[in-house]
Amino acid sequence: MSDPSVLVIDGAAVVTMDATRTEHTSAYVVVRDDRVESVTEGRAPEDVRRGAGRVVHATGCLLTPGLVNTHQHLYQWSTRGQAVDSTLFEWLTTLYPVWAGIDEEVVRASAAAALGWLARTGTTTSTDHHYVFPSGGGDLIAAEIAAAAAVGLRFHPTRGSMDLGRSQGGLPPDSVVEDLDAILTATQDVIDRFHDPRPGAMVRVAVAPCSPFSVTAELMTAAAGLARAAGVRLHTHLAETTDEEVFCKERFGATPTEYVESLGWLGEDVWMAHAVHLDDAAIARFAATGTGVAHCPSSNARLGAGIARTRDLRDAGVAVGLGVDGAASNEAGSLVEEARHAVLFARARGGPDALTVRDALEMATLGGARVLGRHDEIGTVEPGKLADLALWRLDGLGHAGIDDPVAALVLGSAPPLELLLVGGRTVVEQDRLVTVDEETLARDAETAARTLLARAAA
């Protein structure tokens, strides 16, 4: 008799990302409820297939861990295609006044569209760094958490903040910064309402002041204390551009890394977005303290910020994951594309041996899980882990004849997604979302973008 709690994926090539990096040319994977029960070489025996509630025939497919997105700004989906030829500081100056008009409805629609597309391109866990909270905008973190629940992704929202407005020497306009006490109160409230420390949690919250050029030292220090008292992780942007390096040296007399370390912002509970402009000493400090990095190659290239020293970071033992970054600085919004760009840009900087295709897939899966502190639950395909799995179809025209399935996935065009499971629940099937209606997501996102641009023009 079949068991409805059991799903069998039969006949796929499998990249497990386990401790020995086991790969199978053909194997079957048994999922029971929300966990992987077994991974076995060869085809599933008749009794295994007969006992399953569902069997997915996966010949011609590659099964990997679900991708883990370690840095994103979901609200920016509504301002894609703006300031496309600008530097980071120019881009921010252009868009801050537009973002000052966001509210719950805009954030919900933007987050749902961005998360839906992340799911359609293989992501099972995503972070979000939300740091713009206009007065009267409503409960923006709740809006994006609701969007993630509807799409069905595992979600790590971060309560961001800015308190260093232009009148105090910061970059953002005063209209989008908050008072220190209000920030700390709101951040604690988000943790109290939404953070779930239990195994298998669908929502984990982190604390994330925006960047050295938009927050005060007082906020950075207080936020670190609050986060550590609550047992949650810390996140911020760091060393993204040479402009930031100049800003920190002129204002604080230190490099970005030296500055944040002086405020208690290096450690195993911290991950930094970008980390493009790190010298050898900074990389050594990241490694020694266990600080992680969210590498965002497409956004860094789009804004002309530079190419991170990925090989050097990995060689030093730094946990490196991949991030899509803001949808307004990476209109593609696809983490599998970040794996491809990570390889290409690393080799453009460091030669053909700088990064392998398997290095890139590791960063997109297990590396991201390490950065988020969830490598004991996600990031590999092995018994006991959560069944967060991506099944990629590689037998179509776009990938036919590529002998190595990992090379096909990483270096080829983004393949169709045959199946995406999050905790054993189907989110994508045959390259379509099954949890929410894609046309509705697109229509709502279009409405949100028009609404936001109209507000900025008024």
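Taken together, the values in this text are just the output of simple stated rules run on the coordinates, not laboratory data. Nothing here was measured: the structure is a model prediction, and the numbers come from that model. Cβ: placed from backbone, ideal geometry, glycine included. Neighbour counts: every protein chain shown.
Determine the relative contact order of segment 280-379: mean sequence separation of Cα pairs under 8 Å and six or more apart, normalised by residue count, in whole percent. Please report the intermediate quantities before stating the final value.
Details: 138 pairs, mean separation 28.1, N = 100.
In percent, rounded to a whole number, it is 28.
Please arrange Cys61, Cys248, Cys296 by counting, for each residue, the other beta carbons lying within 10 Å of its beta carbon, fewest first.
So the ranking, lowest neighbour count to highest, is Cys248, Cys61, Cys296.
Counting pairs of alpha carbon atoms under 8 Å apart in space and at least six apart in sequence, what relative contact order in percent does segment 67-371 give?
20 percent
Tabulate in residue order the Karplus-calculated ³J(HN,Hα) for segment 185-200, using 6.51 cos²θ - 1.76 cosθ + 1.60 with θ = phi - 60°, rounded to whole Hz; enter x for Gly and Pro.
5, 5, 5, 4, 5, 5, 4, 4, 7, 10, 5, 10, x, 6, x, x
Sum -39500 (n - 2.57) across every DSSP H segment of at least 4 residues in the chain, then divide by the residue count to get the 222 nm mean residue ellipticity, nearest 500.
Numbers: 16 runs with 169 residues, N = 458.
Using -39500 (n - 2.57) per qualifying helix, the result is -11000 deg cm²/dmol.
Please list, in chain and number order, the residues 5+ apart from Leu234 or on another chain whose amide H is under 5 Å from its amide H, with Hs placed from the backbone.
Val207, Val270, Trp271
Computed over the Cα atoms of segment 386-435, what is the ratio Rg over Rh, Rh following Kirkwood?
My calculation of the ratio gives 1.03.
Semi-axes of the equivalent ellipsoid for segment 281-416, please: Cα gyration tensor eigenvalues, times 5, square-rooted, ordered largest first, whole Å.
24, 20, 15
For segment 1-112, just list the percent of Cα-Cα distances falling in each 5 Å bin from zero outward, please.
2, 10, 15, 14, 9, 6, 7, 9, 10, 10, 5, 2, 0
Give, in whole angstrom and from largest to smallest, the semi-axes √(5λ) of the equivalent ellipsoid of the chain, with λ running over the eigenvalues of the Cα gyration tensor.
36, 24, 21
With charges set only on the Cβ (+1 for Lys and Arg, -1 for Asp and Glu), what does the dipole of segment 67-371 come to about its Cα centre, in debye to the nearest 20?
Approximately 920 debye in magnitude.
Once phi is turned into ³J(HN,Hα) by the Karplus curve 6.51 cos²θ - 1.76 cosθ + 1.60 with θ = phi - 60°, what whole-Hz value does each residue of segment 246-254 show in order, with x for glycine and proline?
Result, rounded to whole Hz: 4, 4, 5, 5, 6, 8, 10, x, 8.
Can you compute 3J(HN,Hα) from phi for each residue in segment 420-425, using the Karplus curve 6.51 cos²θ - 1.76 cosθ + 1.60 with θ = phi - 60°, rounded to whole Hz and x for Gly and Pro?
Using θ = phi - 60°, the values come out as 10, 10, 10, x, x, 8 Hz.
Just report the Cα centroid separation between segment 417-458 and segment 157-223, whole Å.
Centre-to-centre (Cα) distance: 26 Å.
Mind listing the long-range amide H neighbours of Val56? Cut-off is under 5 Å, sequence gap 5 or more, other chains count too, H placed in the peptide plane at 1.01 Å from N.
Excluding prolines and chain starts, which carry no amide H, the hits are Val8, Ile9, Asp10.
If you count the DSSP beta bridges with both ends in the chain, what percent of them are antiparallel, to the nearest 5?
45 percent
Can you give me the C-alpha center-to-center distance between segment 44-117 and segment 303-321, rounded to a whole angstrom?
With segment 44-117 and segment 303-321 each reduced to a Cα centre, they are spaced 22 Å.
Amide H neighbours of Gly423 under 5 Å, at least 5 residues apart or on other chains, H built in the peptide plane: list them.
Ala387, Asp388, Leu389
Sort Phe345, Phe89 by Cβ crowding within 10 Å, fewest neighbours at the top.
The order, fewest Cβ neighbours first, is Phe89, Phe345.
Exposure proxy check: Lys249, Lys385 ranked by fewest other beta carbons within 10 Å?
Lowest to highest Cβ neighbour count: Lys249, Lys385.
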